[in-house]
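> Quick one: this structure, given as structure tokens, is what I'll be asking you about.
The values are calculated or read from the model by the stated rules, or taken from the named source; none is laboratory data. Remember, predicted model here, so these are calculated numbers, not experimental data. Note that each Cβ is placed from the backbone with ideal geometry, even for glycine, and that neighbours are counted across all protein chains shown. Keep in mind that these areas ignore ligands, DNA and RNA; they rest on the heavy atoms of the full protein, side chains included. Shrake-Rupley method; radii C 1.70, N 1.55, O 1.52, S 1.80 Å.
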Amino acid sequence: MAVNRGPGRCGSLSPEGILREAQINLLECKVCFEKFSSQQRERRPRNLSCGHVLCLECITALSHPLLRKLECPFCRQMCSVDSTSHCQAICDLQELLLSRSPRSSAPPHRATGGFKSAAGLTSSALHLHSAFGGWGTLINPTGIAVLGSSGTIVVVHDGEKRVVVFSPQGKLLNSFGRRGQASGELWYPVDVAVTPCGYVVVTDAGDKAVKIFTSRGNHVLTVRDSFQVPWGVGTDGDGHLLVTDIQAGALFHVKVDYTRGVVLEHRTAISELQQPKAVACCPVTGNTAVMEHLTDHTPPPVRQQHTRLKVFNKDFHLLHQTDTFSLTLQSTVRLNMSGVVFDADGGVLVTDCKQGMVWSLGKLQNGPVLTPLVGDHLIRPVGLVTLDNMLIILDSGEHAVKIYMVKSDTGSTTKLMCEQA
């Protein structure tokens, strides 16, 4: 259940930071996100036969009342309720950490005062406006997109129907793409994009394909060609597809006739990338941003995740790049960039899935200017999109979509404008 972050990771955190990491990753149920407790019966941690740990209340809620079995929400293994056991290790760790932690009225995994960067700016300008989804409605979501100016939100996740469509207010409008490898089905969806004319494009890494649907969920086309493990997907201003492939180490540019359901052109736009995942196209400049995940050859105990962001022009020539190390020099925390998007002015925004934050890097012409935008109410942000005055974030840690907006001193909502270099 716990992730070994290595001594290098812990060494970069304060004691309060280490405590926060432990409380997020070890001391709460990852289904209901309530803290484990040996005093409350329904909150007691229980070991499933597969090795994952849930609270007793979630085991009861997820299990069949007659068969007394449940499917583990993380590994999908069938487990018997009668074979669960008390997880004494978590209770002992909880008692040890709480006895050493300073008393605070605020939850340990929530930032409360705005996070300061090297520039002295804070993330208090963006406020959580609404949130929706949650476990069951969304299961381990991985990709998010917005359908046109209407603000309709499209999410891919690990549910029985892999694509879920919400209204801007969070109402479930539609779901499609059943689990499977047949035509119109999705095996392991990773990312989603929406074309200017409203087609929904999903990368299916499990089926080694990109699959295209209408906004109502009707299957239009499956593109395979030379894909090995397609991952991130975006669209340019003409509706052409930008697809990263982590196995091929490349960015593909795909032109599609959506009306006829045929591929017009499929070419490698950029090669020799290192495990490229997230991709985004700037609506202002036409530039393309690609997030690489670099291989760390150090032994596992000290291995750390390294990411590199590259920005290319319309002709896919490299303009700018920055990486985890150079960004860490500007801040007291080590960034772990995951998702990327451009704002309305052409600035770059990235999610930090480890710190639970969203950062602005500016326009990158003169180097990145690191500015924290969101540091409250996020656990593991994996994707984000911008729309008018909103920043819409996919938080896989809470299986939820969260909408942030800018408020003026009077409390009224103003247009989202990020600090730029």
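> Can you tell me which residues in segment 215-233 are open to solvent by 10 Å² or more (accessible area, probe 1.4 Å) and part of a strand (DSSP E or B)?
Step one: list which residues in segment 215-233 are open to solvent by 10 Å² or more (accessible area, probe 1.4 Å), which gives 215-222, 224-229, 231.
Scanning segment 215-233 gives H219, V220, L221, T222, W231.
> Go through (1) open to solvent by 10 Å² or more (accessible area, probe 1.4 Å); (2) touching a strand residue (DSSP E or B) at 6+ places or on another chain (Cβ under 9 Å); (3) farther than 28 Å from V154 by Cβ one by one and return the number of the condition T324 breaks.
Every condition holds for T324 apart from (1).
> Of V163, V146, which residue is closer than 14 Å to H219 by Cβ, at pLDDT 95 or above and not small (G, A, S)?
After applying the criteria, what remains is V163.
> Do you know which residues across segment 31-57 are assigned to a strand (DSSP E or B) and either aromatic (F, W, Y) or closer than 13 Å to S85 by Cα (or both)?
Within segment 31-57, the first condition is being assigned to a strand (DSSP E or B), and the residues that meet it are 35, 45-47, 53-55.
Those that are assigned to a strand (DSSP E or B) and either aromatic (F, W, Y) or closer than 13 Å to S85 by Cα (or both): P45, R46, N47, V53, L54, C55.
> When you scan segment 287-338 for strands (runs of 3 or more DSSP E) that lie fully inside it, which ones turn up with 1 or more residues that are modelled with pLDDT of 95 or more, farther than 21 Å from V369 by Cβ and aliphatic (A, V, I, L, M)?
Ranges flagged: none.
> Can you give me the number of residues within segment 92-103 that are closer than 29 Å to R68 by Cα and either at pLDDT 80 or above or outside any helix (DSSP H, G or I) (or both)?
Final tally of qualifying residues: 0.
> Further question: Surrounded by 24 or more Cβ atoms within 10 Å (Cβ to Cβ) and without any contact (Cβ under 8 Å) to a residue 60 or more places away in the chain: does that describe T259?
no
> Look at L138 and say whether it is within 30 Å of V201 (Cα to Cα), at pLDDT 85 or above and open to solvent by less than 60 Å² (accessible area, probe 1.4 Å). Quick ask: steps written out before the conclusion?
Numbers: within 30 Å of V201 (Cα to Cα): yes; at pLDDT 85 or above: yes; open to solvent by less than 60 Å² (accessible area, probe 1.4 Å): yes.
For L138, the condition - within 30 Å of V201 (Cα to Cα), at pLDDT 85 or above and open to solvent by less than 60 Å² (accessible area, probe 1.4 Å) - is met.
> So which of V340, V358, V350, V333 is farther than 26 Å from V146 by Cβ and not hydroxyl-bearing (S, T, Y)?
V333
> Also, quick follow-up: Applying the selection to segment 186-206, what residues are over 21 Å from the mean Cα position of the chain (by Cα) and at pLDDT 95 or above?
Of everything in segment 186-206, just one residue is over 21 Å from the mean Cα position of the chain (by Cα) and at pLDDT 95 or above, namely Y199.
> Can you find a residue in segment 274-282 that is assigned to a strand (DSSP E or B), over 30 Å from L173 (Cβ atoms) and either modelled with pLDDT of 95 or more or in contact with a strand residue (DSSP E or B) (Cβ under 7 Å, 6 or more places away or on another chain) (or both)?
yes
> Quick one: which of A106, A209 is open to solvent by less than 40 Å² (accessible area, probe 1.4 Å) and at pLDDT 95 or above?
The match here is A209.
> Among the residues of segment 38-61, how many are farther than 21 Å from R380 by Cβ and crowded, with 17+ Cβ neighbours inside 10 Å? Outline the logic, then answer.
First pass over segment 38-61, keeping only residues farther than 21 Å from R380 by Cβ: 38-44, 46-50, 56-57, 59-61.
From what is left, the residues that are crowded, with 17+ Cβ neighbours inside 10 Å are 43-44, 46-48, 56-57, 59.
Residues meeting the conditions: 8.
> Still on this structure, I have one more. Tell me which residues, restricted to segment 345-387, are open to solvent by 10 Å² or more (accessible area, probe 1.4 Å), closer than 20 Å to V279 by Cα, among the β-branched types (V, I, T) and under 14 Å from the mean Cα position of the chain (by Cα).
V382, V385
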